[in-house]
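Data block below; observations after.
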Amino acid sequence: MSQVNDELLDHEYDGIREYDNPLPRWWLGIFVISVVFSVIYVPYYHFMGGPHQEDEYAAEMAAAAASAPKVEKLDEAALQKIAADPTRIQAGKALYDKHCVACHTADGGGLVGPNLTDKFWIHGGSLTDIVHTITEGVPEKGMISWKTQLSAEEIRSVAAFVNTLRGTTPANPKAPEGEPYEG
Amino acid sequence: MKVEEFQYDDKIVRKFVVATVVWGVVGMLVGLIIAFQLVVHQLNFDLPFLTFGRLRPLHTNAVIFAFVGNGIFAGVYYSTQRLLKARMFNDGLSKFHFWGWQAIIVSAAVTLPLGITTSKEYAELEWPIDIAIAVVWVVFAINFFGTLVKRRERHLYVAIWFYIASIVAVALLHIVNSLALPVSILKSYSIYAGIQDALVQWWYGHNAVAFFLTTPYLGLMYYFMPKAAQRPVYSYRLSVVHFWSLVFLYMWAGPHHLLYTSLPQWAQTLGTTFSIMLIAPSWGGMINGLLTLRGAWDKLRTDPVLKFMVAAITFYGMSTFEGPMMSLKSVNALSHYTNWTIAHVHAGALGWNGFLTFGMLYWLVPRLWGAKQLHSTKMATTHFWLGLVGIGMYVLSMWAAGIAEGLMWKEFDADGRLVYATWADTLPTLNPMYWVRGLGGTLYFVGVIMMVVNLWKTAKSGTPVDQTDAAAPLPEPAGAGAGGLHRLLEGKPLTFTVLTTVAVAAGGAFEIIPSLLIDSNVPTIAAVKPYTPLELEGRDIYISEGCYNCHSQHVRPFRGETERYGPYSKAGEFVYDHPFQFGSRRIGPDLHRVGGKYPDGWHYRHMIDPRDTSEGSVMPSYPWLADDPLDLSMTQAKVKAMTVFNVPYSDADVANAVENAKAQAAAIGKRLEDQKLPNAQDKKIVALIAYLQRLGTDIRAEGAQ
């Protein structure tokens, strides 16, 4: 602010006077830089192929896909083996109690979601089918996809626990829905 | 030279001062309540009119239009008369303005808690009140410009420039944004839909900040700061340059509220670039305010008025730097929908508007009530420090909370899972910060109460001043005195006002008109169909309960959002949304893709008690939705109103609206029964469920085709 001259202008308003100091140089500098920024910004994004938000999104998703862990697909027999492992069932129960009881109830009798204890299954009763239903969900019926919340191993544990509910007698069972499955 | 004698009307200023203080206390108290509701959901008391969704608009409207509004009018009525050496144009208009404005505030305080709202933020009031606002504003304008006409000061001081810009711009913003089609005395639909409604709304919302919270207060600053400091304004030239650049550039920046949405890219670019270009014009005001104190910094130690004003101007400078930074897309990707925005606006509202008002009040009250001095300088100084610490706690905690939220929403683990998969997972991190915010707000509020006591005792110690005698010669003939072109312009209020109007109108016109007229801005999606009559009713319940205050309806194109919610939102999905429901804050999760995500029964239980389905939720319970009868008496009129906007309902759709609504309600009732819940087919809740289940689902049908 070396150029401050503090020359008073000749007018006054209700006792308020004004100096005629020049614009501070640093202030003018900020103004010029902000205008230059804008003058570059517009052509970069609109005429020189700067990435639009859809491009940025595609890149973000591609990067995520590239770094995603490979999930080995297990056949029914391998899933059966997991379903027989008490520690996996235990882990599955903990997850079930946290995420599933709101719709399927603690004993699997069903409420908003279907009964899991009878032999009727809407989307298939094999372990492969159950894992698939949990993983992908059934959006049109209100079953959400759990793959962004649970890992593949966790989903298998949940399926292992659900498997133990078959044939149990819940306190307040919901009527059967779907096709019978005889595993 | 002939000297005229006349009186300034100080009684009207006193009235506005009292209203400022009273509404300030009310608005801030409501703010405190809703701050604590976010950590203690029981504070919603399961009562409709006390829920966060209904009280939050009351808080924002009370603080902006009642507290700051009356503060503006107090300062404008006091300073304008003195700067123009003339009594206000007409005492009757002054009184009409005062009582009209208070009546509007009272009607807002009644209707908003009752759920009567348009849901457009800071423009929530329904159409009859909107018309009243327009009328009162025009009366204010006539009174103000009438005073300009009969002024005894030829040239207009910079404060008056800012008043002119504010009066013109607020009228323009209010009228364009409030255009709506009434369906009843207390219900209307915005004439704009979806992304266009969003653009108009945030052009309004951003510029309400500009021309209600900023430019009038810059005018007040230009009067009260040099008066209190008894020093000349730093630079007249800076005033000229920053005034014109500010009023021209501000109007273009609205789209920065819609970055990464489905708003066309060109409009987003304007939002970003004009925000960056606003830094210098804003700081021009800060420089002129702060440097006015050169040579008088020592007064800061003893004078609470100057303390408040200097801190206010500093907060202004900080907020007007932070705002443009948040308009950069990379920053906005993190900050949008978070508490960072809350921190930003409160640095402005508590720091700039609040502190400048307090400074002005401490300066005005002794003068207006004929007191020798302020009752207690010490108390005012304590108020200052309490307020400053309060703002510090508020802003720092909400910055931290905002950044933490933004990061948590985007965090994935190595398996590609969301680390904070359920919404409640993020709350333990935020809760301590909410407590700090609430404590900061409490300190600020205690300071305000101290001010009330101090001002009350000051007023009691004097004799109220109704008018002040003044004398002035008639203005010199035009063209007298030296000066350049701008000096000449300052002697021509009409030309000045016309040029200001052009500068102000340019940005909005350039952005809004093409977006309304050029179809390519909203690519159509064939699968997107109008809402059913029941869904329309449910949407009105959603609006009435103020759901948009906590839930956005716009998924942005980020992995953290599409993995959590579903495919990102497209402009074509919102073409039947009168008004749009994008929201601006995620206190709860986004709802644009909630349709079909959960069964009907889940929604029923969630509404009765959110904790039942979502452990740790802070959402209020809405038990009355399952008790209140579903009112279909307006349904047909609502569907018919939509046809005025060319929403493609057939004549049969209109004729059978109620029948169709009942059939859909019965189907939902049946499903609830199947899910072992009460069949609520004749209750409000089924309409809301119908609406929620429809949200964001049309596009799936397109994917299936």
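Since every read-out is calculated from the coordinates, none of them should be taken as a lab result. No experiment lies behind these values; they were computed from the predicted model shown. Neighbour counts are summed over all protein chains in view; Cβ atoms, including those assigned to glycine, are modelled from backbone coordinates with ideal geometry.
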All aspartates and glutamates inside 17 Å of A:Lys70 as judged from Cα atoms, apart from same-chain residues fewer than 8 positions distant: A:Glu136, A:Glu153, A:Glu154, B:Asp413, B:Asp415
Cα extents of segment B:535-686 along the three principal axes, largest first (Å): 43, 38, 24
Theoretical FRET efficiency, 1/(1+(r/R0)^6), r = Cβ-Cβ of B:Ala667 and A:Glu140, R0 25 Å, to 0.05: 0.95
P(r) histogram, all alpha-carbon pairs of segment B:3-512 included - 10 Å bins from 0, percent: 4, 18, 30, 29, 14, 4, 1, 0, 0
Inter-label distance for A:Gln80 and B:Leu114, nm, one decimal - labels placed 7 Å from Cα along Cα-to-Cβ: 6.9 nm
Unit charges at the beta carbon, dipole of chain B: most positive-side option, B:Thr495, B:Ser107, B:Ile175: B:Thr495
Spatially proximal aspartates and glutamates relative to B:Lys670 (Cα-Cα < 13 Å; intrachain offsets below 8 disregarded): B:Asp600, B:Asp682
Amide H within-cut-off set for B:Lys683, under 5 Å, with H built and near neighbours excluded: B:Leu630
FRET efficiency for A:Glu60 and B:Thr314, using Cβ-Cβ distance with R0 set to 35 Å, rounded to 0.05: 0.35
Relative contact order %, segment B:1-81, counting alpha carbon pairs below 8 Å whose residues are six or more apart: 48 percent
Placed amide H near A:Arg17: partners under 5 Å, 5+ positions off or other chain: B:Val233
Rounded Å value of the spacing that divides the Cα centres of segment B:290-367 and segment B:387-424: 24 Å
Global geometry of segment A:76-183, whether rounded, prolate or oblate, following the gyration tensor of its Cα atoms and the 1.5 cut on a/c: rounded
Efficiency of FRET between B:Lys529 and B:Val389 - r from beta-carbon atoms, R0 51 angstrom, step 0.05: 0.40
With 20 Å bins from 0: P(r) over the protein assembly as shown, alpha-carbon pairs, percent: 14, 43, 30, 11, 2, 0
Inter-site label distance for B:Leu179 and B:Asp519 at 7 Å from Cα along Cβ, in nm: 2.0 nm
Relative contact order of chain A, defined on C-alpha pairs under 8 angstrom at six or more residues apart (%): 21 percent
Amide proton proximity set for B:Ala180, modelled H, under 5 Å, gap of 5+: B:Ile191
Protection proxy ranking of B:661-669, B:530-538 - average other beta-carbon atoms within 10 Å, highest first: B:530-538, B:661-669
Table column - 3J(HN,Hα) (Hz), segment B:610-627, Karplus curve with 6.51, -1.76, 1.60, x for Gly and Pro: x, 5, 5, 9, 10, 4, x, 5, 10, 5, x, 7, 10, x, 5, 5, 8, 9
Neighbour-count order for B:Thr117, B:Thr314, fewest beta carbons within 10 angstrom listed first: B:Thr314, B:Thr117
Chain A: most fluctuating residue of A:Ile30, A:Ile122, A:Ile82 per GNM, C-alpha cutoff 10 Å: A:Ile30
Within chain B, helix-based [θ] at 222 nm, where runs of 4 or more DSSP H residues each add -39,500 (n - 2.57), nearest 500: -19500 deg cm²/dmol
Kyte-Doolittle mean at least -0.5 and Cα axial length at least 24 Å: DSSP H helices in chain B: B:11-37, B:91-111, B:127-149, B:158-178, B:304-326, B:377-410, B:427-460, B:493-517, B:657-674
Overall form of segment B:287-394 per C-alpha gyration tensor (a/c, 1.5; a/b vs b/c): prolate
Distance cut-off 13 Å, percentage of C-alpha pairs in segment A:1-56 lying past it: 73 percent
Segment A:4-13 - phi-based ³J(HN,Hα) in whole Hz, Karplus 6.51/-1.76/1.60, Gly and Pro as x: 5, 10, 6, 7, 7, 6, 7, 9, 8, 10
Reach of A:Lys119 by Cα under 16 Å, taken over lysines that are not fewer than 8 positions away in the same chain: A:Lys174
Distant alpha-carbon pairs in segment B:124-174 (separation over 12 angstrom), percent: 69 percent
Overall form of segment B:513-561 per C-alpha gyration tensor (a/c, 1.5; a/b vs b/c): oblate
Full-extension gain in nm, B:Leu488 to B:Trp297, via 0.36 nm per residue minus C-alpha separation: 65.4 nm
